[in-house]
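First up is the structure itself, then whatever we jot down about it.
The values are calculated or read from the model by the stated rules, or taken from the named source; none is laboratory data. Just so we're clear, the structure is a prediction, and the values are computed from it rather than from any experiment. Cβ: placed from backbone, ideal geometry, glycine included. Neighbour counts: every protein chain shown.
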Amino acid sequence: MRNFVVHRPDEDAMGRILSEHPLDAAGTAVRLAWLTGLLRSEIVALTWDRVSFLNQELELADRRVPLSREMCRYLAALSERQSQKSERVLLSDRLHRPMRPQPVSLLVRRALDEQGQTEVRLIDLRHDFVIRQLGEHDWQYVSRETGIESATPRLQLAQSRWQIAPPTR
C-alpha cells in the first residue's frame, strides 16, 4: 500500500495568504478548502443558492457544512462584491466567469508558494481541516461535516497510510 503524506500548512503563512487575498479567486479557493474542508470539485461547483447565511452552512448534495462566523462574513462580502454576476461562488478575477478545476489548483499553488508553503497542496488544506476538526469533534461529526465515511479516516490513520508531515515553515 502506498502511503499518503499530508503536508500541513503553517498557520501563520495561511493567515498571511488570507490577508493578502481578501476577495479574489485564490483567497476564496483557499478559504473554502482550509476553513470548510471542501474538495476542489466542490469549490468550483458551489453556487450561491447553496450558501445559507440564515443557517450559517453550505448545503451540498451529500451534506451540510457549518460555516464559521469568519467564513459567513467573508462570503457575505464576496456576494456583495459580485452583485449577481454569476450563480457560482468562485469566479476568475480577470473574466469574472466560473473557473475550471485546474486553474483553481494553479491559483492556490501560487498563493501557497508565495508564503513558502511549497510542499502543501490544495488537497492538503482539506486534510488539515479534517485533522483540526478531529481535534475538536468526534468521528461521526467530522464524517457528517466532510462527507468522509466515518470509518475511512480512522482506518487510514490506524493503518498509517496517512503520514502527517509537520507544518511547512
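Brief remarks on what is shown
- Of the residues examined, Val30 is one that is surrounded by 14 or more Cβ atoms within 10 Å (Cβ to Cβ), touching a Leu at 6+ places or on another chain (Cβ under 7 Å), in a helix (DSSP H, G or I) and in contact (Cβ under 8 Å) with a residue 40 or more places away in the chain.
- Annotation note: of Leu39, Leu75, Leu95, the sole residue that is hydrophobic (A, V, I, L, M, F, W, C), surrounded by fewer than 19 Cβ atoms within 10 Å (Cβ to Cβ) and either at pLDDT 95 or above or within 22 Å of Val142 (Cβ to Cβ) (or both) is Leu39.
- Test for Leu90: is it without any contact (Cβ under 8 Å) to a residue 24 or more places away in the chain, aliphatic (A, V, I, L, M) and over 12 Å from Thr36 (Cα atoms): no
- Meets criteria (in contact with a Leu (Cβ under 7 Å, 6 or more places away or on another chain) and among the hydroxyl-bearing types (Ser, Thr, Tyr)) for Ser92: no
- Test: Gly37 is closer than 22 Å to Arg126 by Cβ and in a loop (DSSP other than H, G, I, E, B): yes
- Of all the listed residues (Gln102, Gln117), the sole one being modelled with pLDDT of 95 or more and in a loop (DSSP other than H, G, I, E, B) is Gln117.
- Residues located in the stretch 136-146, provided they are touching a helix residue (DSSP H, G or I) at 6+ places or on another chain (Cβ under 9 Å) and either assigned to a helix (DSSP H, G or I) or hydroxyl-bearing (Ser, Thr, Tyr) (or both): Trp139, Tyr141, Val142, Ser143, Glu145, Thr146
- Flag for Leu58 being of a type in the set (A, V, I, L, M) and either at pLDDT 95 or above or closer than 28 Å to Glu149 by Cα (or both): yes
- Test: Ala13 is in contact with a Gly (Cβ under 7 Å, 6 or more places away or on another chain) and either in contact (Cβ under 8 Å) with a residue 24 or more places away in the chain or in a loop (DSSP other than H, G, I, E, B) (or both): yes
- Residue satisfying condition, being out of contact with any strand residue (DSSP E or B) (no Cβ under 8 Å at 6 or more places or on another chain), at positive phi and of a type outside the set (Asp, Glu), within set Ser143, Ser105, Ser83: Ser83
- Verdict on Gln133 being more than 20 Å from Ser68 (Cβ to Cβ), in contact (Cβ under 8 Å) with a residue 40 or more places away in the chain and in contact with a helix residue (DSSP H, G or I) (Cβ under 8 Å, 6 or more places away or on another chain): no
- Of all residues in the stretch 42-64 being part of a helix (DSSP H, G or I) and of a type outside the set (Phe, Trp, Tyr), the one that is surrounded by the most Cβ atoms within 10 Å (Cβ to Cβ): Ile43
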